[in-house]
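Undergrad: Below is a structure I'd like to ask you about.
The values are calculated or read from the model by the stated rules, or taken from the named source; none is laboratory data. Please read all numbers here as calculations on a predicted model, not as lab measurements. We place every Cβ from the backbone using ideal geometry, glycine too, and count neighbours over all the protein chains shown. Areas reflect the complete protein model, heavy atoms only, side chains present, ligands, DNA and RNA absent. Shrake-Rupley method; radii C 1.70, N 1.55, O 1.52, S 1.80 Å.
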Amino acid sequence: MADEAKAKGNAAFSSGDYAAAIRHFSDAIALSPTNHVLYSNRSAAYASIQSYTEALTDAKKTVELKPDWSKGYSRLGAAHIGLGQHSDAVSAYKKGLEIDPNNDALKSGLADAQSAAAAATRSRSAPPPSANPFGDAFSGPEMWAKLTADATTRVYLQQPDFVKMMQDIQKDPSNLNLYLKDQRVMRAIGVLLNIKIQTANDDSDIPEAEAEASSPSPSQSERKRAAEPEREPEPEPQLEPMEIPDEEKEAKEKKAQAQKEKEAGNAAYKKKDFDTAIQHYSKALELDDEDISFLTNRAAVYLEMGKYEECLKDCDKAVERGRELRSDYKMIARALTRKGNALVKLAKSSKDYDPAIETYQKALTEHRNPDTLKKLNEAEKAKKDLEQQEYFDPKLADDEREKGNEFFKQQKYPEAIKHYTESLRRNPKEPRTYSNRAACYTKLGAMPEGLKDAEKCIELDPAFVKGYTRKGAVQFFMKEYEKALETYREGLKHDPNNQEMLDGISRCVQQINKASRGDLSPDELKERQAKAMQDPEIQNILQDPVMRQVLVDLQESPKAAQDHMKNPMVMNKIQKLISAGIVQMK
């Protein structure tokens, strides 16, 4: 998602739509806040609209995240130059050149910064330049916002040559003199200065026939000009104040008042004064129904107050109105997330979570917000837990276990497993059911599944002896005799006279002694060694430097070997290697 937003930002930047580029890069940063390239790109976009303070902040973040990236210092230097901080710009470019001495962009930037610094020094003693008669009309993103707001100039913005002229004027206001003959530029000046310009060529009030009659023929014009003295140059077009309609003034005042009401609502919300917050947000909606943040904020208050139905209504209105107004997709996603929160609060059964989950999913399609994703995961988990609670029924679980027992007696093990599984769904805390299903898995040769069930049985009830016999049997069949022996011994702690476990110990000792005496066939030895080498415990013993020295002494120094055997820990590890067939004693 971050790469997609970055690509959109790059495309907008290339087309000169810097405001859109900033928006897309900001979206990408929200998804990947440690990506230095995104801050670098947004810094360039801010600099393009002369928002140098923001450009400097992003450039500093770029350098902070990636101190060894030369382009970050290029962005830093450009931002400092834009703010008139020439010495800082020189310092930034020099740091970049320390990282990449051959970087042409850094070299050029350094030269520009040094020239600007020198010019600034000279200008301190020179008289101040005459003020720009148009003030800051062409600076910053406000210029493009005003041109977009006007119906006439909005059309001009679709014309590449007009956009280029305005960009040239924005870069250097003195370029305005080059384009004064273009009526579109004159119209744009009127919009930016909030005045009405009457141009010399404006003949819109002259009827078409009269206009034609007033134009003499070429020959008449030539003769007339020959007889008349040369005219003085016509004065510049006069600028007349452009009146703003009362309706537009009233609309702007209402929007401003609505924002004040919103701020008052936010302050009340922070103080937990929810009733007052509701009043302010409602008043804001009356003044301006084109800002859906008033609805989403009021929905948040209703959510805090436990008025979930009112919250849902406001969220639905916000989504509907937002789509009509083509509002920012983040705002629509916020409304959907708040709706999902209210639906979760209203959920009483597992099925009640379905609309909440669906709403969160819709919110994520609008904007993939990490917080929304977290809430979706929580809702899905809550639904699953509640489903399990709703399905819980110990009586039905016992009935299913008895059915499984009947099939087990008939040696119909797959059918028995089916009923045992259903019993566990009804009551997942019953150790006997896990024990019975472990026995079925053992009969079917599914040893890993049987071992897992036996271990779960012991986990639920460590004193339930049957769990140890099941686990020991599975380990014995898996030829893990040492582990089986340990399991049986652990079980005897709870029932010292249990014959089944005593028999299990006897079988394990037989197999272990068989390996010790070297009575295994070559195939059996090979199989046991291969299996042992997959055991992490055996691997750790063989990798232990002390044990490796012990094994060498066993072969080369009988006296040293006898000393090692006096150590119980060493003796225990050697016994494990003997049982595994790795070591044979003769």
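Undergrad: Taking each pair of different alpha-carbon atoms in the stretch 5-104 once, compute 1/r for the pair, average those values, and report the inverse of that mean as the Kirkwood hydrodynamic radius in Å to one decimal.
TA: Evaluated on the stretch 5-104, it is 13.3 Å.
Undergrad: Turning to a different aspect of this structure: Take the alpha carbon gyration tensor of the stretch 354-396, find the square roots of its eigenvalues, order them as a ≥ b ≥ c, and report rounded if a/c is under 1.5; if not, report prolate when a/b exceeds b/c, else oblate.
TA: Prolate, because a/c is 1.5 or more and a/b exceeds b/c.
Undergrad: Contour minus end-to-end for residue 513 and residue 384, with contour as 0.36 nm per residue of separation and end-to-end as the Cα-Cα distance? Please report the intermediate quantities before stating the final value.
TA: Working: separation 129, 0.36 × 129 = 46.44 nm, distance 5.03 nm.
Full extension of this stretch gives 41.4 nm more.
Undergrad: For the pair residue 104 and residue 270, what calculated FRET efficiency results from E = 1/(1 + (r/R0)^6), where r is the Cβ-Cβ distance and R0 = 41 Å, to the nearest 0.05?
TA: Working: r = 52 Å, r/R0 = 1.26.
Efficiency, rounded to the nearest 0.05: 0.20.
Undergrad: Taking Rh as the Kirkwood radius computed over C-alpha pairs, what is the Stokes-Einstein D of the stretch 323-473 at 10 °C in a medium of viscosity 1.306 mPa s, expressed in µm² per second?
TA: In µm²/s, the coefficient rounds to 88.
Undergrad: Would you mind calculating the gained length between residue 34 and residue 68 on full extension (0.36 nm times residue separation, minus the Cα-Cα distance), in nm to one decimal?
TA: Roughly 10.7 nm would be gained on extension.
Undergrad: In the structure shown, do any of 254/339; 61/283; 483/566; 383/418 have a Cα-Cα gap over 32 Å, and if so which?
TA: Pairs exceeding the cut-off: 61/283.
Undergrad: Work from the charge dipole of the stretch 302-361 (Cβ charges, +1 for Lys and Arg, -1 for Asp and Glu, about the Cα centre) and give the residue of 308, 325, 353 farthest towards its positive end.
TA: Toward the positive end, the furthest listed residue is 325.
Undergrad: Could you quote the convex hull projected area for the stretch 266-317, Cα atoms only and averaged over all directions, in nm²? Write down the numbers at each step before the final one.
TA: Working: hull surface 12.4 nm².
Over every viewing direction, the Cα hull of the stretch 266-317 projects on average to 3.1 nm².
Undergrad: Under the 0.36 nm per residue contour assumption, what length would be gained going from the current alpha-carbon distance of residue 167 and residue 393 to full extension? Walk me through the intermediate numbers first.
TA: Numbers: separation 226, 0.36 × 226 = 81.36 nm, distance 7.39 nm.
Taking 0.36 nm per residue and subtracting the Cα distance, the gain is 74.0 nm.
Undergrad: Please give the per residue volume of the convex hull enclosing the alpha carbon atoms of the stretch 411-517, rounded to a whole number of Å³.
TA: Working: hull volume 9.6 nm³, N = 107.
Here the figure is 90 Å³ per residue.
Undergrad: In nm, give the distance between the simple-model label positions of residue 421 and residue 572, each being 7 Å from the Cα along the Cα-to-Cβ direction.
TA: 4.0 nm
Undergrad: Rounded to whole Å and ordered largest first, report the semi-axes of the equivalent ellipsoid of the stretch 279-355 derived from its Cα gyration tensor (root of 5λ).
TA: They are 23, 15, 8 Å, listed from largest to smallest.
Undergrad: A further question on this structure: How much accessible area does residue 573 have with a 1.4 Å probe, in Å² rounded to the nearest 10?
TA: 60 Å²
Undergrad: Please list, or write none, the lysines whose alpha carbon is within less than 19 Å of the alpha carbon of residue 60, excluding same-chain residues fewer than 8 places away.
TA: Once the sequence-local lysines are set aside, what remains near residue 60 is 71, 94, 95.
Undergrad: Another question, if that's okay. Taking the Cβ-Cβ separation of residue 553 and residue 502 as r and a Förster radius of 35 Å, what is the calculated FRET efficiency to the nearest 0.05?
TA: Details: r = 36 Å, r/R0 = 1.04.
Efficiency, from the Cβ-Cβ distance: 0.45.
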